[in-house]
Amino acid sequence: MAKEASVKIVRERYKVNGEFSVITPNRPIFNEAKKLCGITNPRTMTYIHSYGGEAPFFEGISKGILRGTRCDNPKCESKGSIYLPFRIFCPDCLKKMKIVDLTKTAQKTAKIHTFMVCERSGAFNTLDKPIKFINIEFDGVCTILMSYLSAGEPEIGMRVAPIFRTKNPTYTITDLSWVPVGTPKSKLPKGFSF
Amino acid sequence: MIKFSKEQLKIPKLMRPVYLVTAGESEFRRAFPEKRTEELCVDALTMAAELIDMSPAELKSYIHTCYYGHFADHFGDQLLGESVIHDRLGLDPLGNVGVKTGGATGGSTLWEAVKTVASGYSDCALALGWERMDEVPTDEGNHLISCAADKDWETPLGHIYTGYYAVMAQRYWKIFGKSEDSFRRTMAEIAVKNHGYACHNPFAQSPMKITVEDVLKSPVVAYPLRALDACLMSVGSACCIVADEKTAFKMCKKPLLVHIAAGSHTLRPADRRDMAIPLLPNESKNQYKDLTKKFPGSERYPGFSGFLAARMAAYYAYRMAGVVDPTTDLDLVELHDAFTISDIQTYEDIGIRPYGEGRDYVESGDCYLTNPHTGKPGKLPANLSGGLIGCMHAVGATGLMQVCEVALHLWNKHKEIHGDPKRWKSFGKTKPKDWKDLQVKGAKRGLAISHAGVGSHVTCTILEDPNHQLKKQRRAK
């Protein structure tokens, strides 16, 4: 078994370890008359991706904290606007925004703006199907976050509470999920907590 | 609340008129296991040459700059695919550039070509698009499409773009459709219409004679959307050739004036902020005062139920062309029916009906070639090609196919191109015995909407017979 690809940062440079590209032979494609038409091109790769200035958000959800950002530029006409999804810069004045903890706001005010129960997924999906997509609005936040519901059936206007994959986090957006307000701890998916 | 400056709302102006000289398309299929992409692109360009009685070499001799619409490099597994096609079309050493704006790629490609002619840089430019969506299985294809969403905030959520779009459909369905069975049936009617029109189009991938019940019984993709509500995944190519007035009239007898504009909105619907509704020429200041009363939950604009990018593309393009009311000023439209419900949303964004009343465009029969309720011509036939549901959605080519199909009506060539048994045969098909000429009689003006996914990019193209210019007609009055 090949060693799984992993990356460390040493002196501000990536140091890679394990197998990043897996070589598999090409296979010919023939038509029904046994004439050559094409070839398969297998490719297994691992990308290296920087979260950059959004890293505090993804680190936050792995620890049970929901972070957004707020524009505090007194000269900006959108001053005071709070954004979730977390944005690094204000979309109007382009000043770096202040990181704010929205965990309590979410616990107290989050409700479903719209939703979709999706029976299908694409390759590489890690969520259980059907996927219950929800978009969540919060008091005082000017945007509407996309996420997924892990218990119950979604409805527009339903109050929901955030849950976090704090045990063995993946450090992806899937570490943040939601359940209807009042859901007992025992009903949370494995690895998640309030 | 987002506000726009006067400068941002300036109506775009071309430095000189630009004309569509000719256009072409390949056949569209889910897969072409025995054809390379360049073979499809050559088919499209050859058809464009034949339409104006030129050889491909003659047509190429006029082209000065090339724009190539090809959305997904990773589908075809070829970076700089534009360069490959440019070489295979024998267009070196002309300057060329690739354009990528998701589902709106075809429209954006034309937008660029028009601007280069309008600026005087070129007298004739090619806009050619294609997509190769058969080089991976469907699941992998869904993943690759989902990469057009935000890779950190959306793609990991199921790797399924339909889901990111469908939440918007759900909101529209609940607020404006009021979850009514009658609304659900109206959505299904669009699929029946577009698959039905595709039966008369030899280029089309999915001709089907189906009923509303068939659509309602098709498998659920994401409720209320079912398999037959959705557009196709296609392979194929389409092109448009544009030129300045002098060159255009030298190249062909009946060039068409092109007015084109583009709009955009956030890639992540999550980032949408509230704003006032930008009004189209046929809407009044107080038009939407009671919208919330009529449709509780519609407080946010565009919220998750409108496409600001489409509204802005129409906002600019209508004023460029002098369109006041699309239903009376235009003779046909090709809309981006990615899903039946997004088709209805678009009717409102581009002012065919006011916000909240999109369904009436279908229910009134106005969207048909022949109104099924009156037996008279429909006021504004939509997607006579079959659209994305019945004809194709080969992403980079889609917007160009739409413009080509609209132009064929304005050139009065629907029958010649779609009714030729030889063309059906060349695609390995038999012309149906009940084939109908869908020509919109006397068509002078048509519109095409090219739209990306959740509404990140939209272009609005208006083609116009230069002898029947709206602006001139209004001035004469």
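The values are calculated or read from the model by the stated rules, or taken from the named source; none is laboratory data. Because the structure is a prediction, the values reported are computed rather than measured. All Cβ positions, even for glycine, are placed from backbone atoms using ideal geometry, and neighbour counts span all protein chains on display.
Every condition in (1) within 14 Å of chain A (Cβ to nearest Cβ); (2) among the charged types (D, E, K, R); (3) within 23 Å of B:A394 (Cα to Cα); (4) not in a loop (DSSP other than H, G, I, E, B) holds for B:D87 except the one numbered (1). Screening A:P180, A:P169, A:P154 for residues that are touching a residue at least 40 places away in the same chain (Cβ under 8 Å) and more than 30 Å from B:S218 (Cβ to Cβ) leaves exactly one candidate, A:P169.
When the range B:243-271 is filtered for residues that are farther than 30 Å from B:Y301 by Cα, basic (K, R) and not in a helix (DSSP H, G or I), the ones remaining, listed by number, are B:K253, B:K254. Here is the figure for the range B:142-168: residues that are over 16 Å from B:F304 (Cα atoms), at the interface with another protein chain (Cβ under 7 Å from one of its Cβ atoms) and in a helix (DSSP H, G or I) total 3. Tell me whether the range A:72-95 contains one or more residues that are buried (at least 22 other Cβ atoms within 10 Å of the Cβ) and within 22 Å of A:L188 (Cα to Cα). No; the residues of the range A:72-95 include none that is buried (at least 22 other Cβ atoms within 10 Å of the Cβ) and within 22 Å of A:L188 (Cα to Cα). A count restricted to the range A:71-119 and to residues that are within 14 Å of chain B (Cβ to nearest Cβ) and either at positive phi or of a type outside the set (A, V, I, L, M) (or both) stands at 22.
Only residues that are of a type in the set (G, A, S) and assigned to a helix (DSSP H, G or I): list them for the range B:62-84, please. Across the range B:62-84, the qualifying residues are B:G76, B:G81, B:S83. Need the failing condition index for B:M233 against (1) within 14 Å of chain A (Cβ to nearest Cβ); (2) within 26 Å of B:A44 (Cβ to Cβ); (3) part of a strand (DSSP E or B), just the number. Failed condition: (3). Taking (1) surrounded by 10 or more Cβ atoms within 10 Å (Cβ to Cβ); (2) under 21 Å from B:P137 (Cβ atoms); (3) acidic (D, E) in turn, A:E32 satisfies each apart from (1). Within the option set A:S150, A:S193, being among the small types (G, A, S), more than 29 Å from B:L144 (Cα to Cα) and modelled with pLDDT of 95 or more holds for one residue only, A:S193.
Considered as a group, the residues in the range A:25-42 that are out of contact with any Asp or Glu (no Cβ under 8 Å at 6 or more places or on another chain) and polar (S, T, N, Q) include one that is nearest to the other protein chains (Cβ to nearest Cβ), and that residue is A:T40. Of all residues in the range B:263-281 being more than 19 Å from B:G103 (Cα to Cα) and more than 13 Å from chain A (Cβ to nearest Cβ), which is nearest to the chain's Cα centre (by Cα)? Among them, the one singled out is B:L280.
The single condition among (1) buried (at least 22 other Cβ atoms within 10 Å of the Cβ); (2) more than 7 Å from chain B (Cβ to nearest Cβ); (3) touching a His at 6+ places or on another chain (Cβ under 8 Å); (4) of a type outside the set (K, R) that A:N135 does not satisfy is (2). More than 8 Å from every other protein chain (Cβ to nearest Cβ) and among the acidic types (D, E), is that true of B:D139? Taking the combined requirement at face value, the residue does not satisfy it.
Of everything listed in (1) away from every other protein chain (no Cβ under 13 Å); (2) surrounded by fewer than 22 Cβ atoms within 10 Å (Cβ to Cβ); (3) closer than 30 Å to A:R70 by Cα; (4) small (G, A, S), the single unmet condition for B:S284 is (3). If you take the residues in the range B:414-441 that are of a type in the set (G, A, S) and more than 30 Å from B:L330 (Cα to Cα), which one is surrounded by the fewest Cβ atoms within 10 Å (Cβ to Cβ)? Here the answer is B:G428.
Filter the range A:147-193 down to residues that are away from every other protein chain (no Cβ under 14 Å), closer than 17 Å to A:F57 by Cβ and not aliphatic (A, V, I, L, M), then give me how many there are. Counting residues in the range A:147-193 that are away from every other protein chain (no Cβ under 14 Å), closer than 17 Å to A:F57 by Cβ and not aliphatic (A, V, I, L, M) gives 3.
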